[in-house]
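Take a look at the structure below.
The values are calculated or read from the model by the stated rules, or taken from the named source; none is laboratory data. In this text, all values refer to a predicted model and were calculated from it rather than measured experimentally. FYI the Cβ positions are ideal-geometry reconstructions off the backbone, even for glycines, and counts take in every protein chain you see. Calculation scope for accessible area: heavy atoms of the full protein, side chains included, ligands and nucleic acids excluded. Shrake-Rupley method; radii C 1.70, N 1.55, O 1.52, S 1.80 Å.
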Amino acid sequence: MTKKVFWDDPYATTHPTCVSSVNGCEFELESTIFFAFSGGQESDHGSIAGIQVLSARKEGLRIIYTLPPSHGLKVGQSVQVEIEWERRYRLMRLHFAAELVLEIFYKELNSVGKVGAHITPDKARIDFTWPESISPLLPVFSEMANEIISSNRGIVTDFDDILNERRYWEIQGFSRVPCGGTHVRSTGEVGQIRLKRNNIGKGKERVEIFLCEP
């Protein structure tokens, strides 16, 4: 099992560790700051031992990385992990923006059901079941989300279940939500957001979330 340092310090951009297993192009580390795709949040980009990581995936509590065949890494070898910070930070901000918007949906709409999500550095999206266009509600929901963001409230993250690595985020007085992604420390870091509706089929709606930046 890889120790997930990205939970302890999601702002770390470099991390020394050791290779714990090697299987051809695939290998594992004793500890890592390199997030692997989970909960709709895309994997980090970066390098291990100066070699660009081709992919990162979760298998249970394990994280498996793929490097080019010529990587030459050995079990027990000390390596340095580096991630692309600009990409990670945008993913963190958009990830939390999506979580915040979804929680507002749950609070304001009866029987709404999430059916998918995806967070990229450019935008986040949430897919959910709803019998009609969500467009008329988006201005109000956007205002609610941006008010919470502007209030710069602290975001607490921790384990519900350490053994099974089940985590949550919490804004006191608002919500406590299960989530194993990487998060900013306060809502103000997200910056203002805007919402856009995208219909994906009868009974299903998609809301896209963008950061309001020049």
Quiz item: Using a probe of 1.4 angstrom, how much of the accessible area of the chain is carbon and sulfur, in percent?
Solution: 49
Exercise. With a Förster radius of 22 Å, plug the Cβ-Cβ distance of Lys107 and Ser38 into 1/(1 + (r/R0)^6) and report the FRET value to the nearest 0.05.
Key: 0.35
Practice problem: Report, in deg cm²/dmol and to the nearest 500, the calculated mean residue ellipticity at 222 nm for the chain, where each DSSP H run with n ≥ 4 adds -39500 (n - 2.57) and the sum is divided by the residue count. | Solution: -6000 deg cm²/dmol
Exercise. Work out the charge dipole of the chain with +1 on the Cβ of Lys and Arg and -1 on the Cβ of Asp and Glu about the Cα centre, then indicate which of Ala56, Thr17, Gly46 is farthest towards its positive end.
Key: Ala56
Practice problem: With label points built 7 Å along Cα→Cβ from the Cα atoms of Thr66 and Gln172, find their separation and express it in nm. | Solution: 4.5
Quiz item: So what is the diffusion coefficient of region 1-128 in µm² per second by Stokes-Einstein at 20 °C and 1.002 mPa s, using a Kirkwood Rh over Cα pairs?
Solution: 137
Self-check item: Calculated diffusion of region 168-211, Stokes-Einstein form, Kirkwood radius summed over Cα pairs, 20 °C and 1.002 mPa s, µm²/s
Solution: 165
Quiz item: For the chain, what relative contact order do you get, as a whole percent, if you take Cα pairs closer than 8 Å and at least 6 residues apart?
Solution: 19
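So what's the net charge close to Thr17: Lys and Arg +1, Asp and Glu -1, counting the other residues with Cβ under 15 Å from its Cβ?
Neighbourhood net charge equals -2.
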Quiz item: Residue separation times 0.36 nm, minus the C-alpha to C-alpha distance between Thr129 and Gln77: what's the value?
Solution: 13.9 nm
Quiz item: Net charge near Lys204, counting Lys/Arg +1 and Asp/Glu -1 over other residues with Cβ under 13 Å of its Cβ?
Solution: +2
Quiz item: Expressed as an acute angle from 0 to 90° and rounded to the nearest 10, what is the orientation of the C-alpha long axis of helix 138-150 relative to the principal long axis of the chain?
Solution: 60
Quiz prompt | Solvent-accessible heavy-atom area per residue, rounded to whole Å², over the chain at 1.4 Å | solution = 48
